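Novice: What follows is a single structure, and I will ask about it in a moment.
The values are calculated or read from the model by the stated rules, or taken from the named source; none is laboratory data. For clarity, every value in this text was computed on a predicted model and none was experimentally measured. Cβ placement follows ideal geometry from the backbone for every residue including glycine, while neighbour counts extend to all protein chains displayed. Areas reflect the complete protein model, heavy atoms only, side chains present, ligands, DNA and RNA absent. Shrake-Rupley method; radii C 1.70, N 1.55, O 1.52, S 1.80 Å.
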Amino acid sequence: MNDTRPIRAKSGTNHEGTSAHNRRVMIDALRVNGALSRADLARATRLAKQTVSNIIDELERDGLVTSQQTVRNGRGQPSTPYALVPEGAFAIGLQIDRHMTRAIAVDLIGNVLVRLEAKLPSGGPTTGTRVILDLVAAVRRQLAAIAAQSEQRLVGLGAAMPGPFGVAGNGDDPWMMEAWQKFPLLETLAVGTGLDVSIQNDAAAATIAERMVGAAHGLDHAVCLYIGYGIGAGLILGGELYTGANGNAGEIGMALLAVGGKSTPLEHRASLASLYQYLSLDPADPGLFARIHDLVSTEDRRIVEWIEAAASDLRWSVHLIETVFDPQTVILCGSAPPILVQRLIAAMGPLLPSLAERTDRIVPRLQVGMADPWSVALGAAAGPISLEFDPRYAAILKD
């Protein structure tokens, strides 16, 4: 391997009692950079060569890492690169939205192996959880047919739904899924699936997808501005997803704007729900994605007007995000058609002056992320993988 190329990796530690952290550091380095030799890993993670060798041997025994063909570089000693085994772990991601539920199965490196969706019936979680459990069971059956060891290597079920969490509503607020939030969803899913279950908001899930296989891959400081039915921001700070004290970090859609002498939440003006209302569209229409794509493609006057107004508010949002968090980049993503996200970004330029205007920038201040109705489910699936394998301070505290 070339010993001079830059390798992105967290620093490991040679202190006793930190094997869990070092193991995660090694897996993360291989995920971000691809195949690396033991020497590359030791240099990048600042771990002793013997520590690296011990961990690599352990990961090989556990079926998480495999050696590749030996590489010769000039007159130096030949080196053996190691890579993650995609079939080393699997996870399932679940998106619960107002009218639809989507489920995805991924492997250790984020390849999507199965994806299924179903309509959620009226009646809230009482009737909806049965549909969800059936959907997850169908995904597991298809995954088992693809990978025979999937059940033994299934690390968990990640769920995502709109936030904010734990905030009292008036019972009929269309922006909040209050009945679902009051329902014992985690317990119901855990009992019904027999899996470890975690939950986060949809913007955070979309951000995990961007970090695993999207525009935030390899970045330690990025904010994903998620445009869905509402608006949220996923925060990657110091290489980890920051969720806040109550799981509501990044709920920028609730930020108040002064419009016409009164305060209006951002998501009431620049989210997909506001677009649906502006165009009198049914959010439960299965052909909605294609309908919006066609309206943007034909430069429909109404949608052009909405884009101009929404872009003005989103431009302010980017300025606020840059000022507060100083990210390497802001990524605009969401469940909207790609053409709509691209038009929004074009209309948001030029961005407002901020401390992010630097001559040494490597990535742009604002860029396009995933514009896909499946991105939240993908991020939800990546969540259990992240909990199990990503470096984090909590792992150092384990025995």
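Novice: Restricting to Cα pairs below 8 Å that are 6+ residues apart, what does the relative contact order work out to for segment 110-261? Please round to a whole percent.
Specialist: 18
Novice: Averaged per residue, what accessible area in Å² does the chain show with a 1.4 Å probe, protein chains only?
Specialist: Heavy-atom accessible area per residue stands at 45 Å².
Novice: From the backbone phi of segment 329-337, what are the Karplus-calculated ³J(HN,Hα) couplings (6.51 cos²θ - 1.76 cosθ + 1.60, θ = phi - 60°) in whole Hz, Gly and Pro given as x?
Specialist: 6, 10, 10, 8, 9, x, 9, 8, x
Novice: Can you compute 3J(HN,Hα) from phi for each residue in segment 220-233, using the Karplus curve 6.51 cos²θ - 1.76 cosθ + 1.60 with θ = phi - 60°, rounded to whole Hz and x for Gly and Pro?
Specialist: For segment 220-233, the Karplus curve yields 9, 9, 8, 10, 9, 8, 9, 9, x, 4, x, 10, x, 10 Hz.
Novice: Once amide H atoms are built 1.01 Å from N in the peptide plane, which residues 5 or more positions from Ile231, or in another chain, come under 5 Å H to H?
Specialist: Residues meeting the amide H criterion: Gly253.
Novice: Next question. Got a sec? Charge dipole of the chain, +1 on Cβ for Lys and Arg, -1 for Asp and Glu; which of Pro286, Pro86, Gly230 is way out at the positive end?
Specialist: Working it through, the farthest residue towards the positive pole turns out to be Pro86.
Novice: I've got another one for you. Quick one: which residues, 5+ away or cross-chain, put their amide H under 5 Å from the amide H of Val85? H built at 1.01 Å from N.
Specialist: Distant-sequence amide H within range of Val85: Val65, Thr66.
Novice: Charges only on Cβ, +1 for Lys and Arg, -1 for Asp and Glu: so what's the dipole of the chain about the Cα centre, in debye to the nearest 20?
Specialist: The calculation lands at about 920 debye.
Novice: For a protection proxy built on the mean count of beta-carbon atoms within 10 angstrom, sort 159-165, 379-385, 243-249 highest first, please.
Specialist: Final packing ranking: 379-385, 159-165, 243-249.
Novice: From Cα pairs below 8 angstrom and at least 6 apart in sequence, can you work out the relative contact order of the chain, rounded to a whole percent?
Specialist: Reported relative contact order: 18 percent.
Novice: Would you mind checking which residues have amide H under 5 Å from Val114's amide H? H placed 1.01 Å from N; only 5 or more apart, or other chain.
Specialist: Distant-sequence amide H within range of Val114: Ala105.
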